[in-house]
1. Please rank S316, S181, fewest neighbouring Cβ atoms within 10 Å first, as an exposure proxy.
2. Using the 4.7 Å Cβ rule, please list in number order the cysteines from the chain without any candidate partner.
3. Output needed: percent of Cα pairs per 5 Å distance bin for the stretch 117-192, bins running from 0 to the one holding the longest distance.
4. For the stretch 279-289, what does the Karplus curve 6.51 cos²θ - 1.76 cosθ + 1.60, with θ = phi - 60°, yield as ³J(HN,Hα) per residue in whole Hz, taken in order and with x for Gly and Pro?
5. Quickly estimate the mean residue ellipticity at 222 nm for the chain, helices only: each DSSP H run with n ≥ 4 gives -39500 (n - 2.57), and the total goes over all residues, rounded to 500.
6. Taking 22 Å as the cut-off for C-alpha to C-alpha distance, list the pairs among K93/K187; K3/K85; K3/K84; K249/K297 that go past it.
7. Where in the stretch 150-167 does the amide nitrogen come within less than 14 Å of the point 7 Å from the Cα of R103, taken along Cα to Cβ?
8. Taking the 0 to 90 degree range and rounding to the nearest ten, how far is the long axis of helix 197-210 tilted relative to the main principal axis of the chain, both from C-alpha atoms?
Amino acid sequence: MRKQCVKPIKMVKLEALMRRLPANHPKQKKISSDFRKIRTGFNGERIIGNELNGLSKDYHVLHDLRLCHEGSRFFQIDYLIISKKYCLIIEVKNFTGTLYFDRTYHQLIQTKDGHEQAYLDPLIQVDIQRSRLSNWLAAHHFPPLPIETFVANANPNTIIRTTPGFSPILQKITGKETLISKILPLKDRYTFEQLTERQHKKLSKMILEKNTPLYPDVLKLYQIDEKDLLKSVQCPDCSALQMQYHWGKWSCSHCSCISKDAHMQTLRDYALLIDSTITNNQARRFLQLDSIDVMQKMLCAMDLPHRGRFRNRVYSLDRLIRE
């Protein structure tokens with residue numbers, strides 16, 4: 001059983017937001033910077049995920065989990081590997097340069113191009129995740145599984161050091177090249193199967209059911225007014241917002257691209273940024289389309305779930321968010 005590595009929804013929403021904001025918008029720089037950080041982290045998780053594909057089906061590999069604990073609080077795990085004998089939490093980093101694990105002040109210090117940047121020690125992060133996962137398992141009436149932890153850095157050129165006298169912690173830190181070779185010996189360390197085959201599947205299935213992804217309102221997060229968003233259908237070739245609809249096709253006045261379904265991405269942007277439901281009137285305003293009838297045919301052709309009749313009909317765009 002696997003939960004594959006897919007883009008986090010915040011990353012997808014920021015992509016849509018950058019498409020829909022003018023290049024000179026005052027928040028564009030901050031949004032672009034945040035997007036690059038998320039993209040770097042996701043690329044690291046994808047690299048580690050590719051390595052984990054080498055594990056046998058005895059291991060259930062679940063990516064990007066957000067589980068509730070203590071009523072309304074959540075904890076997040078980059079990768080959770082579940083075997084019948086133990087669980088393994090992997091915290092993924094994608095740092096370049098030199099990483100120094102400072103055991104005196106419990107910091108991770110990155111040195112790159114002569115510049116130092118301090119971060120929360122990921123070894124502390126995984127210890128917290130282990131404690132919370134242990135409590136989660138108990139709360140859901142599963143046996144007390146041993147929980148191992150690794151910090152995996154995806155960049156193969158990173159140099160890793162630690163405070164003198166603390167070199168054993170390096171056993172908890174791995175690159176992508178040594179990740180599998182560090183995982184496989186754990187099956188010999190833990191010889192007793194804590195879970196039956198049925199419990200193994202039940203645990204993985206329950207974790208996936210209880211997984212609660214965060215869907216941030218990025219307009220609210222960056223304090224952007226909906227009126228700031230650029231309307232119209234974006235050209236799939238040149239990205240210009242200059243497409244016109246004639247005779248069942250969209251045509252770009254900038255590059256002459258022709259498309260039958262260019263409106264799909266525009267409606268997806270609306271769903272990601274504004275609302276997961278839309279009316280004919282709202283769709284026409286966002287697509288810059290005049291005809292009620294043409295818009296009606298377009299929405300009906302997409303076979304979207306809807307409620308209401310005629311002009312009061314409201315269409316659900318949830319499916320577009322997940323695509």
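1. Working: S316 15, S181 9.
So the residues, fewest neighbours to most, are S181, S316.
2. When partners are defined as cysteine Cβ atoms under 4.7 Å apart, the chain leaves C5, C68, C87, C300 without one.
3. 3, 12, 19, 22, 21, 13, 7, 3, 1
4. 9, 4, 5, 5, 5, 5, 5, 6, 8, 6, 10
5. About -10500 deg cm²/dmol.
6. Over 22 Å apart, Cα to Cα: K93/K187.
7. 161-167
8. Tilt relative to the chain: about 50 degrees.
No value in this document is a laboratory result; all are computed from the given coordinates. Just so we're clear, the structure is a prediction, and the values are computed from it rather than from any experiment. As a convention, Cβ positions derive from the backbone with ideal geometry for all residues, glycine included, and neighbour counts pool all protein chains shown.
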